[in-house]
Amino acid sequence: MLNLFGLKGKVAIITGASSGIGQSMAVGLAKAGAKVVVVDIMNLDETEEKIKKCGGECKKINANLFEIDSSINKIIKETLKNYGNIDILVNNAGIQRRNPAMVFSDKDWDDVMQINLKAVFKLSQAVAPIMEKNGKGKIINMASLLSFQGGYTVPAYAASKGGVAQLTKALSNEWAKLGINVNGIAPGYVATDMNKALIADEQRNRQILERIPAGRWAEPDDYIGGVIFLASSASDYINGEIICIDGGWMGR
(Lines give C-alpha, C1' and ligand atoms only; values in the text may rest on other atoms or scores of the structure.)
Protein backbone atom coordinates (compact mmCIF):
# COMPACT_ATOMS: atom_id res chain seq x y z
CA MET A 1 0.00 0.00 0.00
CA LEU A 2 2.84 2.38 0.80
CA ASN A 3 4.35 1.65 -2.61
CA LEU A 4 1.05 2.63 -4.23
CA PHE A 5 1.27 6.12 -2.76
CA GLY A 6 5.07 6.36 -2.57
CA LEU A 7 7.11 8.61 -4.85
CA LYS A 8 10.58 7.19 -4.27
CA GLY A 9 12.86 7.94 -7.22
CA LYS A 10 10.37 10.32 -8.85
CA VAL A 11 11.32 13.86 -9.89
CA ALA A 12 8.73 16.55 -9.21
CA ILE A 13 8.64 20.21 -10.27
CA ILE A 14 6.38 22.52 -8.29
CA THR A 15 5.92 26.23 -9.01
CA GLY A 16 4.97 28.85 -6.44
CA ALA A 17 6.76 26.84 -3.76
CA SER A 18 8.12 29.60 -1.50
CA SER A 19 5.16 29.65 0.89
CA GLY A 20 1.58 28.60 1.54
CA ILE A 21 0.06 25.62 -0.27
CA GLY A 22 3.04 25.35 -2.62
CA GLN A 23 5.52 25.03 0.20
CA SER A 24 3.40 22.46 2.05
CA MET A 25 2.93 20.36 -1.08
CA ALA A 26 6.65 20.54 -1.88
CA VAL A 27 7.54 19.24 1.58
CA GLY A 28 4.86 16.55 1.29
CA LEU A 29 6.18 15.34 -2.05
CA ALA A 30 9.66 15.15 -0.58
CA LYS A 31 8.42 13.17 2.44
CA ALA A 32 6.79 10.75 0.01
CA GLY A 33 10.20 10.16 -1.57
CA ALA A 34 10.30 12.51 -4.57
CA LYS A 35 13.25 14.65 -5.55
CA VAL A 36 11.62 18.07 -5.60
CA VAL A 37 12.48 21.02 -7.83
CA VAL A 38 10.98 24.09 -6.18
CA VAL A 39 10.34 27.12 -8.38
CA ASP A 40 9.41 30.67 -7.42
CA ILE A 41 10.32 34.29 -8.04
CA MET A 42 10.51 34.66 -4.24
CA ASN A 43 13.18 33.35 -1.88
CA LEU A 44 13.07 29.56 -1.54
CA ASP A 45 15.48 29.09 1.36
CA GLU A 46 12.74 28.30 3.89
CA THR A 47 11.22 25.66 1.63
CA GLU A 48 14.62 24.11 1.00
CA GLU A 49 15.34 24.05 4.74
CA LYS A 50 12.04 22.30 5.51
CA ILE A 51 12.62 19.69 2.81
CA LYS A 52 16.16 18.97 3.96
CA LYS A 53 15.02 18.84 7.60
CA CYS A 54 12.70 15.95 6.77
CA GLY A 55 15.50 14.15 4.89
CA GLY A 56 14.30 15.10 1.41
CA GLU A 57 16.19 16.17 -1.68
CA CYS A 58 15.61 19.58 -3.23
CA LYS A 59 16.76 21.84 -6.04
CA LYS A 60 15.88 25.54 -5.95
CA ILE A 61 15.17 27.48 -9.15
CA ASN A 62 14.36 31.17 -9.06
CA ALA A 63 12.31 32.02 -12.12
CA ASN A 64 10.03 34.84 -13.22
CA LEU A 65 7.06 33.39 -15.09
CA PHE A 66 6.32 36.79 -16.59
CA GLU A 67 9.42 36.03 -18.68
CA ILE A 68 7.82 32.81 -19.70
CA ASP A 69 9.97 31.30 -22.46
CA SER A 70 13.35 31.90 -20.82
CA SER A 71 12.03 30.78 -17.42
CA ILE A 72 10.57 27.54 -18.74
CA ASN A 73 13.76 26.75 -20.62
CA LYS A 74 15.69 27.34 -17.40
CA ILE A 75 13.36 25.15 -15.32
CA ILE A 76 13.46 22.22 -17.74
CA LYS A 77 17.20 22.47 -18.42
CA GLU A 78 18.22 22.68 -14.76
CA THR A 79 15.86 19.90 -13.71
CA LEU A 80 17.21 17.52 -16.34
CA LYS A 81 20.78 18.53 -15.56
CA ASN A 82 20.34 17.77 -11.85
CA TYR A 83 18.00 14.78 -11.93
CA GLY A 84 17.84 13.53 -15.52
CA ASN A 85 14.07 13.20 -15.70
CA ILE A 86 10.68 14.79 -14.97
CA ASP A 87 7.89 12.59 -13.61
CA ILE A 88 5.58 15.10 -11.91
CA LEU A 89 4.63 18.72 -12.59
CA VAL A 90 2.57 20.71 -10.10
CA ASN A 91 1.41 24.00 -11.62
CA ASN A 92 0.76 25.86 -8.39
CA ALA A 93 2.00 29.42 -9.03
CA GLY A 94 -0.77 31.98 -9.09
CA ILE A 95 -1.50 35.65 -8.47
CA GLN A 96 -4.57 37.69 -7.61
CA ARG A 97 -5.77 41.18 -8.55
CA ARG A 98 -8.91 42.66 -6.98
CA ASN A 99 -10.97 45.46 -8.54
CA PRO A 100 -14.55 45.93 -9.68
CA ALA A 101 -15.06 44.65 -13.23
CA MET A 102 -15.99 48.09 -14.60
CA VAL A 103 -12.58 49.51 -13.70
CA PHE A 104 -10.43 46.37 -14.00
CA SER A 105 -7.27 47.31 -15.91
CA ASP A 106 -5.78 45.62 -18.95
CA LYS A 107 -2.50 45.17 -17.11
CA ASP A 108 -4.10 43.39 -14.16
CA TRP A 109 -6.05 41.17 -16.56
CA ASP A 110 -2.95 40.28 -18.60
CA ASP A 111 -0.80 39.67 -15.51
CA VAL A 112 -3.30 37.25 -13.97
CA MET A 113 -3.81 35.39 -17.24
CA GLN A 114 -0.05 35.13 -17.80
CA ILE A 115 0.74 33.48 -14.47
CA ASN A 116 -2.48 31.61 -13.72
CA LEU A 117 -3.24 30.18 -17.16
CA LYS A 118 -0.62 30.69 -19.86
CA ALA A 119 2.26 29.52 -17.66
CA VAL A 120 0.25 26.41 -16.76
CA PHE A 121 -0.16 25.55 -20.43
CA LYS A 122 3.42 26.36 -21.43
CA LEU A 123 4.97 24.34 -18.60
CA SER A 124 2.67 21.40 -19.30
CA GLN A 125 3.55 21.63 -22.98
CA ALA A 126 7.27 21.61 -22.11
CA VAL A 127 7.20 18.52 -19.87
CA ALA A 128 4.76 16.45 -21.95
CA PRO A 129 7.33 15.17 -24.51
CA ILE A 130 9.56 13.99 -21.65
CA MET A 131 6.66 12.19 -20.00
CA GLU A 132 5.55 10.73 -23.34
CA LYS A 133 9.02 9.26 -23.82
CA ASN A 134 8.79 7.71 -20.35
CA GLY A 135 5.33 6.36 -21.11
CA LYS A 136 3.92 7.98 -17.97
CA GLY A 137 3.73 11.22 -16.04
CA LYS A 138 1.59 13.29 -13.70
CA ILE A 139 0.52 16.89 -14.25
CA ILE A 140 -1.42 18.52 -11.42
CA ASN A 141 -2.94 21.96 -11.94
CA MET A 142 -4.20 24.20 -9.16
CA ALA A 143 -7.72 25.25 -9.99
CA SER A 144 -10.04 27.04 -7.54
CA LEU A 145 -13.58 27.24 -6.25
CA LEU A 146 -13.75 30.08 -8.78
CA SER A 147 -13.30 27.47 -11.51
CA PHE A 148 -16.99 26.85 -10.78
CA GLN A 149 -18.22 30.11 -9.23
CA GLY A 150 -17.86 33.75 -10.21
CA GLY A 151 -16.65 35.48 -7.08
CA TYR A 152 -16.64 39.26 -6.56
CA THR A 153 -14.18 41.85 -7.89
CA VAL A 154 -11.93 39.10 -9.29
CA PRO A 155 -12.95 38.80 -12.97
CA ALA A 156 -9.49 37.85 -14.22
CA TYR A 157 -8.85 35.33 -11.45
CA ALA A 158 -12.22 33.65 -11.99
CA ALA A 159 -11.68 33.55 -15.76
CA SER A 160 -8.14 32.19 -15.38
CA LYS A 161 -9.18 29.45 -12.95
CA GLY A 162 -12.13 28.50 -15.11
CA GLY A 163 -9.59 28.23 -17.90
CA VAL A 164 -7.32 26.02 -15.77
CA ALA A 165 -10.18 23.57 -15.20
CA GLN A 166 -11.00 23.39 -18.91
CA LEU A 167 -7.33 23.22 -19.91
CA THR A 168 -6.91 20.30 -17.51
CA LYS A 169 -9.70 18.44 -19.29
CA ALA A 170 -8.44 19.35 -22.77
CA LEU A 171 -4.87 18.18 -22.07
CA SER A 172 -6.18 15.03 -20.43
CA ASN A 173 -8.20 14.20 -23.55
CA GLU A 174 -5.04 14.32 -25.68
CA TRP A 175 -2.47 12.87 -23.29
CA ALA A 176 -4.24 10.15 -21.28
CA LYS A 177 -3.43 7.63 -24.01
CA LEU A 178 0.26 8.55 -23.62
CA GLY A 179 0.21 7.55 -19.96
CA ILE A 180 0.12 11.18 -18.78
CA ASN A 181 -2.49 11.87 -16.11
CA VAL A 182 -3.62 15.50 -16.09
CA ASN A 183 -5.79 16.43 -13.12
CA GLY A 184 -6.45 19.40 -10.88
CA ILE A 185 -7.03 20.42 -7.29
CA ALA A 186 -9.53 23.14 -6.41
CA PRO A 187 -8.67 24.57 -2.99
CA GLY A 188 -11.28 26.11 -0.77
CA TYR A 189 -10.59 29.15 1.36
CA VAL A 190 -7.06 28.77 2.69
CA ALA A 191 -5.40 30.71 5.52
CA THR A 192 -2.52 32.13 3.45
CA ASP A 193 -1.10 35.57 2.75
CA MET A 194 -3.31 35.88 -0.36
CA ASN A 195 -6.39 35.84 1.89
CA LYS A 196 -5.21 38.05 4.76
CA ALA A 197 -7.65 40.82 3.81
CA LEU A 198 -10.60 38.41 3.85
CA ILE A 199 -9.58 36.93 7.19
CA ALA A 200 -9.19 40.41 8.69
CA ASP A 201 -12.65 41.47 7.44
CA GLU A 202 -14.85 40.38 10.36
CA GLN A 203 -18.12 40.29 8.39
CA ARG A 204 -16.68 38.54 5.31
CA ASN A 205 -14.75 36.07 7.45
CA ARG A 206 -17.92 35.16 9.33
CA GLN A 207 -19.86 34.73 6.08
CA ILE A 208 -17.18 32.42 4.68
CA LEU A 209 -17.00 30.28 7.81
CA GLU A 210 -20.80 29.94 7.86
CA ARG A 211 -20.64 28.57 4.31
CA ILE A 212 -17.96 25.92 5.04
CA PRO A 213 -19.44 22.71 6.51
CA ALA A 214 -16.10 21.87 8.14
CA GLY A 215 -16.36 25.15 10.06
CA ARG A 216 -12.81 26.36 9.47
CA TRP A 217 -10.49 27.77 6.87
CA ALA A 218 -8.13 25.29 5.25
CA GLU A 219 -4.49 25.16 6.26
CA PRO A 220 -1.77 24.67 3.60
CA ASP A 221 -0.99 21.19 4.96
CA ASP A 222 -4.55 20.09 4.09
CA TYR A 223 -3.39 19.81 0.47
CA ILE A 224 -0.52 17.38 1.00
CA GLY A 225 -2.66 14.26 0.76
CA GLY A 226 -4.35 15.38 -2.44
CA VAL A 227 -1.17 16.18 -4.29
CA ILE A 228 0.53 12.94 -3.22
CA PHE A 229 -2.51 10.96 -4.37
CA LEU A 230 -2.56 12.62 -7.80
CA ALA A 231 1.23 12.32 -8.15
CA SER A 232 1.31 8.63 -7.24
CA SER A 233 0.35 5.36 -8.90
CA ALA A 234 -2.83 5.37 -6.83
CA SER A 235 -4.37 7.77 -9.38
CA ASP A 236 -3.24 6.03 -12.58
CA TYR A 237 -6.81 5.71 -13.90
CA ILE A 238 -7.92 9.24 -12.98
CA ASN A 239 -7.89 11.67 -15.88
CA GLY A 240 -9.27 15.18 -16.36
CA GLU A 241 -10.72 15.50 -12.87
CA ILE A 242 -10.79 18.53 -10.59
CA ILE A 243 -10.76 17.43 -6.95
CA CYS A 244 -12.27 19.96 -4.56
CA ILE A 245 -10.46 20.14 -1.22
CA ASP A 246 -12.71 22.73 0.36
CA GLY A 247 -14.16 21.53 3.65
CA GLY A 248 -17.43 20.77 1.88
CA TRP A 249 -17.99 24.23 0.33
CA MET A 250 -19.05 22.91 -3.09
CA GLY A 251 -21.33 20.29 -1.52
CA ARG A 252 -23.71 22.78 0.06
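Restrict the check to the stretch 40-55 and report whether at least one residue is among the small types (Gly, Ala, Ser), at pLDDT 95 or above and crowded, with 19+ Cβ neighbours inside 10 Å. No, there is no match, as no residue in the stretch 40-55 is among the small types (Gly, Ala, Ser), at pLDDT 95 or above and crowded, with 19+ Cβ neighbours inside 10 Å. Can SER24 be described as small (Gly, Ala, Ser) and more than 19 Å from the chain's Cα centre (by Cα)? The answer is no for SER24.
Does the stretch 234-249 hold any residues that are surrounded by fewer than 20 Cβ atoms within 10 Å (Cβ to Cβ), at negative phi and touching a Pro at 6+ places or on another chain (Cβ under 9 Å), and which are they? Listed by number, the list holds a single entry, ILE245.
For LYS81, are the conditions met, namely being free of Cβ contacts under 8 Å to residues at least 60 places away in the same chain, open to solvent by 40 Å² or more (accessible area, probe 1.4 Å) and under 19 Å from the mean Cα position of the chain (by Cα)? No, not satisfied.
Consider only pairs whose beta carbons are under 7 Å apart and that are at least six residues apart or on different chains; among these, list those whose first residue lies in the stretch 192-217 and is under 25 Å from SER18 (Cα atoms) and at pLDDT below 95 and whose second residue is open to solvent by less than 90 Å² (accessible area, probe 1.4 Å) and not in a helix (DSSP H, G or I). So the pair list comes out as ASP193/SER19; MET194/GLN96; ASN195/TYR189; ILE199/ALA191. Residue count for the stretch 19-39, restricted to those that are part of a loop (DSSP other than H, G, I, E, B) and open to solvent by less than 20 Å² (accessible area, probe 1.4 Å): 1. Scanning the stretch 105-131 for residues that are over 17 Å from ASP40 (Cβ atoms), of a type outside the set (A, V, I, L, M), open to solvent by 10 Å² or more (accessible area, probe 1.4 Å) and not in a loop (DSSP other than H, G, I, E, B) yields ASP106, LYS107, ASP108, TRP109, ASP110, LYS118, PHE121, GLN125, PRO129.
Taking MET102 as the residue in question, decide whether it is assigned to a helix (DSSP H, G or I), more than 16 Å from LEU171 (Cβ to Cβ) and open to solvent by 70 Å² or more (accessible area, probe 1.4 Å). Yes; evaluated as a whole, the condition is true for this residue.
Within the set ASN73, ASN3, the sole residue that is modelled with pLDDT under 95, in a helix (DSSP H, G or I) and of a type in the set (S, T, N, Q) turns out to be ASN3. Restricting attention to the stretch 84-99, the residues that are polar (S, T, N, Q), surrounded by 22 or more Cβ atoms within 10 Å (Cβ to Cβ) and over 25 Å from GLY33 (Cα atoms) total 0. Of these, GLY184, GLY248, GLY150, which one is of a type outside the set (D, E, K, R), touching a residue at least 12 places away in the same chain (Cβ under 8 Å) and under 24 Å from MET113 (Cβ atoms)? Result of the check over GLY184, GLY248, GLY150: GLY184. When every residue of the stretch 141-154 is checked against the conditions, none turns out to be touching a Ser or Thr at 6+ places or on another chain (Cβ under 6 Å), more than 14 Å from CYS244 (Cα to Cα) and at pLDDT 95 or above. The helices (runs of 4 or more DSSP H) found entirely in the stretch 132-226 that carry 1 or more residues being buried (at least 19 other Cβ atoms within 10 Å of the Cβ), of a type in the set (A, V, I, L, M, F, W, C) and out of contact with any Gly (no Cβ under 8 Å at 6 or more places or on another chain) are 155-175. Cβ separations smaller than 8 Å between residues 6+ apart or across chains give the following pairs from the stretch 156-172 residues that are without any contact (Cβ under 8 Å) to a residue 40 or more places away in the chain to residues that are assigned to a helix (DSSP H, G or I) and of a type outside the set (S, T, N, Q): ALA158/LEU146; GLY162/LEU146.
The values are calculated or read from the model by the stated rules, or taken from the named source; none is laboratory data. No experiment lies behind these values; they were computed from the predicted model shown. All Cβ positions, glycine included, derive from the backbone under ideal geometry; neighbour counts span all protein chains shown. These accessible areas exclude ligands, DNA and RNA; they are computed on the full protein's heavy atoms, side chains included. Shrake-Rupley method; radii C 1.70, N 1.55, O 1.52, S 1.80 Å.
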